[in-house]
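Visitor: Right, I'll just put the structure down here and ask away after.
The values are calculated or read from the model by the stated rules, or taken from the named source; none is laboratory data. This structure is a prediction, so every number in the text was calculated from the model and none was measured. Here the Cβ positions follow ideal geometry from the backbone for every residue, glycine too, while neighbour counts run over all protein chains shown. Each accessible area value is taken on the protein alone, full model and side chains, heavy atoms only, with ligands, DNA and RNA left out. Shrake-Rupley method; radii C 1.70, N 1.55, O 1.52, S 1.80 Å.
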Amino acid sequence: EDQVTQSPEALRLQEGESSSLNCSYTVSGLRGLFWYRQDPGKGPEFLFTLYSAGEEKEKERLKATLTKKESFLHITAPKPEDSATYLCAVQGNNRKLIWGLGTSLAVNP
Amino acid sequence: EAGVAQSPRYKIIEKRQSVAFWCNPISGHATLYWYQQILGQGPKLLIQFQNNGVVDDSQLPKDRFSAERLKGVDSTLKIQPAKLEDSAVYLCASSRTGITEAFFGQGTRLTVV
């Protein structure tokens, strides 16, 4: 059964304290892994798509990496404005998007 | 480029009443999704359209929920009659195809009392 597990559920960091969020997945034939950011009261905002193991993508303080079993979202020197819930979703051969429950990130000034 | 537009932003109704949500996707996007998101959870797919045809509605409670996408552009999602457990945020998203990244609207927060 296709499955996505995100950890930790919640993370509190001090401004400038780098860390990583994890997205572990089980899917039949990975077509894509997607990272989104969601602010309270808003729809998810697209961040990255990763298609194959070894692929990496960066945007400002965020860097996403992918292996055959998991993806990491690395946050370097985070700022308070990076506080949000980060969602991971995977799409397999059946083309259905399977979503994780998200990691709630709080960055204290 | 204009994003996904949804209305209304908020809606409060009594149980057993009906409600409808509207979505206008990004121009040129063939795929449209309706999701239900309960606080603290990831989005749950209700229905996926490819142009004006239904691709996946396996998790749509068809006894009370209905959706249509006329002319392959705008879409409406209706709930009739509403139950307390339908209280959630209803998100519309669109993508160029069914295997590319999806872009979301702001959502409609529904409260059923």
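Visitor: Mind ordering A:42-51, B:88-97, B:15-24 by average Cβ neighbours within 10 Å, highest first? Don't skip to the answer; put the middle values down first.
Guide: Numbers: A:42-51: 19.0, B:88-97: 21.5, B:15-24: 16.2.
Most protected by this proxy first, the peptides run B:88-97, A:42-51, B:15-24.
Visitor: Quick check: pseudo-label points 7 Å beyond the Cα along Cα→Cβ at A:ASP39 and B:SER7, how many nm apart are they?
Guide: 2.3 nm
Visitor: Give, as ranges by residue number, the residues of region B:1-45 whose backbone N falls under 20 Å from the point 7 Å along Cα→Cβ of B:VAL73.
Guide: B:1-8, B:21-34
Visitor: What length, rounded to one decimal in nm, is gained on full extension from B:ARG64 through to B:GLU14, with 0.36 nm per residue of separation minus their alpha-carbon distance?
Guide: Stretched fully, the B:ARG64-B:GLU14 segment lengthens by 16.5 nm.
Visitor: Could you tell me, in Å, what Rg and Dmax come out for the Cα atoms of region A:61-109?
Guide: 13.1, 43
Visitor: A:LYS68: net charge of surrounding residues, Cβ under 15 Å, Lys/Arg +1, Asp/Glu -1, itself excluded? Before the final figure, lay out each step's value.
Guide: Working: positive: A:ARG31, A:LYS69; negative: A:ASP2, A:GLU55, A:GLU56, A:GLU70.
That sum, taken over residues with Cβ under 15 Å, equals -2.
Visitor: Okay, next question. Over region B:42-113, how many pairs of lysines fall under 17 Å by alpha carbon, counting only those 8 or more apart in sequence or from different chains?
Guide: Values: B:LYS44/B:LYS62; B:LYS44/B:LYS78; B:LYS62/B:LYS78; B:LYS62/B:LYS83.
Step by step, the pairs that qualify in region B:42-113 add up to 4.
Visitor: Roll a 1.4 Å probe over the protein chains and send me the accessible area per residue for chain B in Å². Please report the intermediate quantities before stating the final value.
Guide: Details: 5640 Å² over 113 residues.
Value for chain B: 50 Å² per residue.
Visitor: Still on this structure, please answer the following. About its Cα centre, what dipole magnitude does the protein assembly as shown give when the only charges are +1 on Lys and Arg Cβ and -1 on Asp and Glu Cβ, stated in debye to the nearest 20? Write down the numbers at each step before the final one.
Guide: Values: 26 positive and 24 negative charges, 114 e Å.
For this selection, approximately 540 debye.
Visitor: Other chains' Cβ within 10 Å of A:99-108 residues: what's the mean?
Guide: Numbers: counts 7, 2, 3, 4, 0, 1, 0, 0, 0, 0.
The mean count of partner-chain Cβ atoms within 10 Å per residue comes to 2.
Visitor: Let me ask something else about it. Roughly how many debye, to the nearest 20, is the charge dipole of chain A about its Cα centre, given +1 on each Lys and Arg Cβ, -1 on each Asp and Glu Cβ, and no other charges?
Guide: On the way: 13 positive and 14 negative charges, 62 e Å.
Computed charge dipole of chain A: roughly 300 debye.
Visitor: Name the residue farthest towards the positive end of the dipole of region A:50-109 from the options A:VAL107, A:ALA89, A:ALA64, assuming +1 on Cβ of Lys and Arg, -1 on Cβ of Asp and Glu, about the Cα centre.
Guide: A:ALA89
Visitor: Follow-up question, since we're still on this one. Taking the Cβ of B:THR108 as the centre, find all other residues whose Cβ is under 13 Å away and add up their charges (Lys, Arg: +1; Asp, Glu: -1).
Guide: Values: positive: A:LYS42, B:ARG9, B:LYS11, B:LYS78, B:ARG109; negative: B:ASP86.
Within the 13 Å Cβ shell, the charges total +4.
Visitor: Using a probe radius of 1.4 Å on heavy atoms only, what accessible surface per residue do you get for chain A? Whole Å² is fine.
Guide: Numbers: 5440 Å² over 109 residues.
Per-residue value: 50 Å².
Visitor: Can you check how the C-alpha radius of gyration of region B:66-113 compares to 2.2 N^0.38 Å, as a plain ratio? List each step's numbers first, then the result.
Guide: Values: Rg = 12.9 Å, N = 48, 2.2 N^0.38 = 9.6 Å.
Compactness ratio reported: 1.35.
Visitor: Moving on. Rounding to the nearest 20 debye, state how big the charge dipole of region B:1-90 is about its Cα centre with +1 on each Lys and Arg Cβ and -1 on each Asp and Glu Cβ. Mind dumping the intermediate values first?
Guide: Details: 11 positive and 9 negative charges, 53 e Å.
That gives a dipole near 260 debye.
Visitor: Something else about it: A plus B alone minus the pair: what accessible area, both sides summed, probe 1.4 Å, in Å² to 100? Spell out each step's value before the answer.
Guide: Working: alone 6150 and 6380 Å², together 11070 Å².
It comes to approximately 1500 Å² buried between A and B.
Visitor: In the protein assembly as shown, carbon and sulfur make up what percent of the accessible area (probe 1.4 Å)? Show your work: numbers first, answer last.
Guide: Working: 5370 of 11070 Å².
Here carbon and sulfur together make up 48 percent of the probe-accessible area.
Visitor: If you don't mind, there's one more thing I want to ask. Let me know the mean shielding of B:34-41 by other chains, meaning the per-residue number of their Cβ atoms within 10 Å of its Cβ. Please list the in-between numbers first.
Guide: On the way: counts 0, 4, 0, 5, 0, 1, 5, 4.
Rounded to a whole number, the mean comes out at 2.
Visitor: Using only the alpha-carbon atoms of chain B, report the extent along each of the three principal axes, biggest first, to the nearest angstrom.
Guide: 37, 26, 24 Å, listed from the longest principal axis down.
Visitor: Would you tally the net charge around B:GLN17, using a Cβ to Cβ cut-off of less than 13 Å, leaving B:GLN17 out, and scoring K and R as +1, D and E as -1? All intermediate terms of the calculation are to be shown ahead of the outcome.
Guide: Values: positive: B:LYS11, B:LYS15, B:ARG16, B:ARG64, B:LYS78, B:LYS83; negative: B:GLU14, B:ASP86.
Residues close to B:GLN17 contribute a combined charge of +4.
Visitor: At 7 Å along the Cα-to-beta-carbon direction for both B:THR111 and A:GLU56, put a label point, then send me their distance in nm to one decimal.
Guide: Each label point lies 7 Å from its Cα, and together they span 4.7 nm.
Visitor: Where does the protein assembly as shown land on the Kirkwood hydrodynamic radius, alpha-carbon pairs, in angstrom? Provide the component values of the computation, followed by the final result.
Guide: Working: mean 1/r = 0.0556 Å⁻¹.
Value: 18.0 Å, from the Cα pair sum.
Visitor: So what is the orientation-averaged projected area of chain A, using the convex hull of its C-alpha atoms, in nm²? All intermediate terms of the calculation are to be shown ahead of the outcome.
Guide: Working: hull surface 25.0 nm².
Mean projected area for chain A: 6.3 nm², to one decimal.
Visitor: Within 10 Å of each Cβ in peptide B:91-97, how many partner chain Cβ atoms are there on average? Round it to a whole number, please.
Guide: 2
Visitor: Would you mind pulling out the separation of the Cα centroids of region A:34-78 and region B:37-113, in Å?
Guide: 24 Å
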